[in-house]
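Please read the structure below before turning to the comments.
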């Protein structure tokens, strides 16, 4: 029986220390493909061994630098290439809409749904936002419940509160 060597993964990761706890960054050929807090809901199990660590990967190095600048209050917009191809078509659509919410601004789930031309899809938007694979970079923390309520953040509401305060949104 012929044994085949495992096919190397095009995805690589690294663990990054942040003021809000350890973050896992994932990059592939198309750019940054994931950013999760270590204890985040919906964090892929593949981070625990399938995807190799590669701290010298240029996209991961750029992501670390830009995140550090963001947490120091010196960056309001991320410039690194993003791979938004994961998830359903609707999740990708919502992710692109989140990129339009500027630093220091917030939107409600209903406002995001309306901007997508689907005013009755606020709950679906909420589900897609919760599955965001690029926390912070694709700013799901800028989406609030009705009347500005802090709701639903897979990384934890305390982190959401911190990110919004850092951006001057609270």
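Below are the figures for this structure:
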quantity	calculated
Selection count, region 77-110, where residues are without any contact (Cβ under 8 Å) to a residue 60 or more places away in the chain, under 21 Å from residue 165 (Cα atoms) and over 12 Å from the mean Cα position of the chain (by Cα)	7
Residue selected from region 16-25 under the condition out of contact with any strand residue (DSSP E or B) (no Cβ under 6 Å at 6 or more places or on another chain) and touching a residue at least 12 places away in the same chain (Cβ under 8 Å), by the criterion farthest from residue 47 (Cα to Cα)	19
Within region 120-141, tally of residues that are outside any loop (DSSP other than H, G, I, E, B), within 12 Å of the chain's Cα centre (by Cα) and crowded, with 22+ Cβ neighbours inside 10 Å	5
Residue in region 57-64 that is in a loop (DSSP other than H, G, I, E, B), at pLDDT 95 or above and within 20 Å of residue 22 (Cβ to Cβ) present	yes
Single condition residue 41 does not satisfy, out of (1) at pLDDT 95 or above; (2) at negative phi	(1)
Single residue of 73, 104, 117, 87 found to be on the phi > 0 side of the Ramachandran plot, surrounded by 13 or more Cβ atoms within 10 Å (Cβ to Cβ) and assigned to a loop (DSSP other than H, G, I, E, B)	87
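The values are calculated or read from the model by the stated rules, or taken from the named source; none is laboratory data. What you are looking at is a predicted structure, and each value in this text was computed from that prediction instead of being measured. No Cβ is skipped: glycine too gets one built from the backbone with ideal geometry, and neighbour counts run over all protein chains shown.
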